[in-house]
Amino acid sequence: MQPLKAHVRNGRLVLDEPTDLPEGIEVELVFADGDALGADERRELYGALLEGSDELDAGQGEDFDKVITELEART
């Protein structure tokens with residue numbers, strides 16, 4: 001499902017586009033300009049990204065389309 005975008009109008013969240021979500025469904029809202037990562041989690045994430053970048057530079061990467069196909073087959 002694609003993320004939904006909304007704006008605050010008169011103290012209420014108003015979706016920018018119609019949705020086909022079922023009536024009464026509960027949704028979780030997260031601010032677009034921030035995230036829930038703490039400092040330690042952010043350092044861990046950046047470390048993992050740098051490690052992955054180094055692996056790609058060393059020719060140890062995997063084909064993106066192949067990985068996506070394999071992940072989609074799991075569902």
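The values are calculated or read from the model by the stated rules, or taken from the named source; none is laboratory data. No experiment lies behind these values; they were computed from the predicted model shown. Cβ: placed from backbone, ideal geometry, glycine included. Neighbour counts: every protein chain shown.
Where the second residue is of a type in the set (Gly, Ala, Ser) and the first is at pLDDT below 95 and lies in the range 30-53, which pairs have Cβ atoms under 9 Å and are six or more apart or on separate chains?
Val30/Ala36; Gly52/Gly61
So, Leu13, is that one part of a strand (DSSP E or B) and either in contact with a helix residue (DSSP H, G or I) (Cβ under 7 Å, 6 or more places away or on another chain) or not β-branched (Val, Ile, Thr) (or both) or not? Walk me through it before giving the result.
Numbers: part of a strand (DSSP E or B): yes; either in contact with a helix residue (DSSP H, G or I) (Cβ under 7 Å, 6 or more places away or on another chain) or not β-branched (Val, Ile, Thr) (or both): yes.
The answer is yes for Leu13.
Could you pull out the residue among Leu21, Leu49, Leu56 that is assigned to a loop (DSSP other than H, G, I, E, B) and surrounded by 10 or more Cβ atoms within 10 Å (Cβ to Cβ)? Quick ask: steps written out before the conclusion?
Details: Leu49 fails: assigned to a loop (DSSP other than H, G, I, E, B); Leu56 fails: assigned to a loop (DSSP other than H, G, I, E, B).
The unique qualifying residue is Leu21.
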